[in-house]
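Data first, discussion second: the structure below is written as structure tokens.
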Ligand code: PRP
Ligand code: URA
């Protein structure tokens, strides 16, 4: 079964161009990241199970469908993943949000954990790990392993831009995970930045550079 889904909807691709552009300021960048996350959430949740319930319209009794099954959880990888949370919550407001704080050591490129707060019932939830950038895959792999170690069994990864290297790394480390991205770019550069990418997602979201 295919485990990598590229979301090439025109609205997503249009907004992606906006955030790639170095002349886009933090305010517009934040808004576009939020909107892309909302559009992607629509696709990521496409296969949520439904169940039939009986209701009464003003005209008659009928059966109609509502969401069934497991509850959802969104797990942003701090910092940049935070920019995707509000967009997702606008579609799935009942989802719980867990946070994993990781930064990539600029020398070793290894992820360093500095914060973690997860819903207590993550083992019962369908979790969507979110981060705008999937570069080497080190941060995503660490976050996925982290929540697996705490009992999570149903996990998807949703990123805006991925490098082929990152996709490969996640597929190898976690072959059970579905990966949703808006684009797979060309490559990583010598500093493990995605080319062409959009630069440092956290800095652009929060105006720290
Ligand atoms: C960025 C990005 C990912 C990570 C991707 O975070 O948001 O978490 O790098 O790189 P990787 O796939 O090689 O691990 P960063 O470490 O810059 O931290 P920040 O979100 O706090 O800016
Ligand atoms: N993290 C980012 O924010 N951007 C990249 O291109 C790679 C890692």
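The values are calculated or read from the model by the stated rules, or taken from the named source; none is laboratory data. Values in this document were obtained by computation on a predicted structure and should not be read as measured data. Here the Cβ positions follow ideal geometry from the backbone for every residue, glycine too, while neighbour counts run over all protein chains shown.
The table below lists the values:
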item	result
Where residue 75 falls short, out of the listed (1) without any contact (Cβ under 8 Å) to a residue 60 or more places away in the chain; (2) outside any helix (DSSP H, G or I)	(1)
Total residues in segment 182-209, condition within 12 Å of ligand 1 (Cβ to nearest atom), closer than 20 Å to residue 17 by Cβ and assigned to a strand (DSSP E or B)	1
Selection count where residues are in contact with a helix residue (DSSP H, G or I) (Cβ under 7 Å, 6 or more places away or on another chain), under 27 Å from residue 11 (Cα atoms) and either within 14 Å of ligand 2 (Cβ to nearest atom) or part of a helix (DSSP H, G or I) (or both), scope segment 169-181	1
Residue 109 vs. criteria over 13 Å from the mean Cα position of the chain (by Cα), at pLDDT below 95, within 16 Å of ligand 1 (Cβ to nearest atom) and at positive phi	yes
Test: residue in segment 145-157 that is touching a helix residue (DSSP H, G or I) at 6+ places or on another chain (Cβ under 9 Å) and within 14 Å of ligand 2 (Cβ to nearest atom)	no
Residue 116 vs. criteria near ligand 1 (Cβ under 10 Å from one of its atoms) and in a strand (DSSP E or B)	no
Residue list for segment 43-54, restricted to those being surrounded by 10 or more Cβ atoms within 10 Å (Cβ to Cβ) and either over 30 Å from the mean Cα position of the chain (by Cα) or at positive phi (or both)	53
Filter result for residue 62 (at pLDDT 95 or above and part of a loop (DSSP other than H, G, I, E, B))	no
From the options 7, 88, 38, 84, residue that is within 16 Å of ligand 2 (Cβ to nearest atom) and within 29 Å of residue 146 (Cα to Cα)	84
